[in-house]
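Notes to accompany the following structure.
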Amino acid sequence: MLELTAPYVHKDYDGDPVMAIGSASAHTKKGVSGICNVLPFTCMPGTLICSISGAFRKDHNNIPWVDYAYDGQDDASIETRLQAFMYQVKEYQQRENSKSLVSMFA
C-alpha cells in the first residue's frame, strides 16, 4: 500500500488516505474503470483524498472519479451525479478496451 500511495501521500502519514489511494491504485492496475470516493461529510482524511484525486486521475489515464461526501441527508442531486459518473465509466471502459484490442493486433 505504501508503495502504491507514495506519489500522493507521504510515507509517514497513517490512516484512511493510504488505504484508499493504495486500493484505488491497485484496482486500476487490475482494470477497474472508475473510482467512487464516499466519505463522511467534513471528514479530514476524506478531504485529503479528494484533494489528491486530480493528480491520481491524471497519472491513471484520466480514470473517472467521483467524490461523494455523505451527511446522512437525502440528496436529490446524487442520482444525477452518479448517472453522469456511470456514463463516464462506460466511455472510459470502451476506450480502454479498444486500446487493448488494437495493441493485441498491432
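Here are the numbers for this structure:
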quantity: Cα-centred dipole magnitude for the chain, charges only on beta-carbon of K, R (+1) and D, E (-1), debye, nearest 20; calculated: 580
quantity: Two-decimal Rg to Rh for the chain - Kirkwood Rh, Cα set; calculated: 1.02
quantity: Mean ellipticity per residue at 222 nm, deg cm²/dmol - from DSSP H runs of n ≥ 4 across the chain, formula -39500 (n - 2.57); calculated: -19500 deg cm²/dmol
quantity: Label-point separation, N97 to I78 (7 Å along Cα→Cβ), nm; calculated: 2.9
quantity: Full-stretch length increase - C43, A55 - with 0.36 nm per residue and alpha-carbon distance subtracted; calculated: 2.3 nm
quantity: Packing-based exposure ordering (other Cβ within 10 Å, fewest first) of F85, F56, F41; calculated: F41, F85, F56
quantity: Cβ-based net charge around S25, under 15 Å, with every Lys or Arg adding one and every Asp or Glu removing one; calculated: +2
quantity: A69 long-range amide H proximity, modeled H, under 5 Å; calculated: L39
quantity: Among S23, S77, S53: highest mean-square fluctuation, GNM of the chain, C-alpha pairs under 10 Å; calculated: S77
quantity: Likely footprinting exposure, E3, E96, fewest C-beta neighbours within 10 Å first; calculated: E3, E96
quantity: Among Y68, Y13, Y87, residue whose mean-square fluctuation peaks in a GNM of the chain (springs only between Cα atoms under 10 Å); calculated: Y13
quantity: Sequence of E79, E91 once ranked by neighbouring C-beta atoms within 10 Å, starting from the fewest; calculated: E79, E91
quantity: Residue among Q94, Q73, Q83 with the largest mean-square fluctuation in a Gaussian network model of the chain, springs linking Cα atoms under 10 Å; calculated: Q73
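Rule-based calculations on the coordinates, nothing more; no lab input. Just so it is clear, the model here is predicted, and its values are computed rather than measured. Positions of Cβ are backbone-derived with ideal geometry, glycine not excepted, and every protein chain shown enters the neighbour counts.
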